[in-house]
Amino acid sequence: MNRIHYPRSWSVVFVFISVFLISAFSSSAQKTNRTPILTVWEDTAINPHDFTDEYYLKNGVNPKEIIGRRNGSDGLSVFGNSSNPNHTNVRVHVTIPAYNQNGDLVFSYPLGELKDYGFTEEKVGYLARETAKLFPIYVFPDTKVANFNTFANTRQASIIDDSWLVNSKMDLNPLGIREIFLVNYTEKAFSKEGVKMMVTFGKKNGFSTDDTPIIRSLEDIQYLAKNEFIRLDSLKLYDDRPFAGAYAISPVITDPREGAIAKDAFIWMATKDSKPLPAEEILAWHFGCLQKTGDWCQ
């Protein structure tokens, strides 16, 4: 399926405004009703956590339908108390590097996946599903690996499009729900016509695990899709997969400094010969600096 994601219709704008109003009301209610936990043995609220069932439901997701939800014993999460009332005591210590819409480095964490029926039947569930379309995640499966996973066996770091958050003072996607799109090169990219493009993008962005050029920004995606060098497939096309969904719950760590990356956290990224890709070593370097010093590498 050839497709490029341009969420800019009036219906989408209506959804955006509705989500904005609901978020504002919800935030106001939280400020008046929240009772913070003041005495805990170890408060890890600054670190990524799973959300409570109540918080999922309030934001349109049925927690019972989350596929692969973090549970503290899955190798990707542990237990850690949090004074944030929206958190459970499941702390996520796997960290996923990604590029944002402009090609800048961000870190996110996977909380699970959803199919269409994972959203509640109320209006808030409809809005949550429509919001996920505004915040897509572009995933690059490694063509040499048979078992594809949204966050593993990828040929490069994902691209997370948070364009709708730019210049916004509201968190319009509190759960970090994102429609998943697979990005693969087409046969045209390997033709004589595509050779120039491959060389240009390889020099600009470096190469992925299967030796195809890394795609680093939304601008890259738009150019390559327009010229039919890549194919974008929504995972709705693969809804028969029992252990995966069409939507990822993958919030971005807003500010990874000052201890947000825990000492026991680990990075999960594309590798070749068990090493980070030369073009993506900087992702691992920054992760290490943030973990050890609480700041970006200088």
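Of the residues making up the stretch 185-198, at least one is surrounded by fewer than 21 Cβ atoms within 10 Å (Cβ to Cβ), among the acidic types (D, E) and without any contact (Cβ under 8 Å) to a residue 12 or more places away in the chain. Restricting S163, S158 to residues that are among the hydroxyl-bearing types (S, T, Y) and within 20 Å of M269 (Cα to Cα) narrows the list to S158. If you filter the stretch 74-95 down to residues that are part of a strand (DSSP E or B) and touching a residue at least 60 places away in the same chain (Cβ under 8 Å), you find that the one that is farthest from the chain's Cα centre (by Cα) is V78.
Taken as a whole, the structure leaves E258 outside the set of residues that are touching a residue at least 60 places away in the same chain (Cβ under 8 Å) and either assigned to a helix (DSSP H, G or I) or out of contact with any Gly (no Cβ under 7 Å at 6 or more places or on another chain) (or both). Of everything listed in (1) over 30 Å from K64 (Cβ atoms); (2) in contact (Cβ under 8 Å) with a residue 60 or more places away in the chain, the single unmet condition for F201 is (2). Pairing each residue of the stretch 124-150 that is under 11 Å from L182 (Cβ atoms) and of a type in the set (S, T, Y) with any residue that is in a helix (DSSP H, G or I) and at pLDDT 95 or above, provided the two are 6+ apart or on different chains, yields C-beta distances under 9 Å for Y138/L218; Y138/I221. Considering only residues that are more than 13 Å from the chain's Cα centre (by Cα) and either of a type outside the set (D, E, K, R) or at pLDDT 80 or above (or both), which ones fall in the stretch 164-178? W164, L165, V166, N167, S168, M170, D171, L172, listed by residue number.
Scanning the stretch 213-263 for residues that are crowded, with 18+ Cβ neighbours inside 10 Å, of a type outside the set (A, V, I, L, M, F, W, C), modelled with pLDDT of 95 or more and over 30 Å from E193 (Cβ atoms) returns Y247, S250, P251, P256.
When you go through (1) in contact with a Pro (Cβ under 7 Å, 6 or more places away or on another chain); (2) under 26 Å from K263 (Cβ atoms) one by one for V90, which number turns out not to apply? The failed condition is (1).
With the structure loaded, tell me whether V124 is in contact with an Asp or Glu (Cβ under 9 Å, 6 or more places away or on another chain) and not in a loop (DSSP other than H, G, I, E, B) or whether it fails that test.
Against the criterion (in contact with an Asp or Glu (Cβ under 9 Å, 6 or more places away or on another chain) and not in a loop (DSSP other than H, G, I, E, B)), V124 does not qualify.
The values are calculated or read from the model by the stated rules, or taken from the named source; none is laboratory data. In this text, all values refer to a predicted model and were calculated from it rather than measured experimentally. Positions of Cβ are generated from backbone atoms using ideal geometry, with glycine treated the same way; all protein chains shown enter the neighbour counts.
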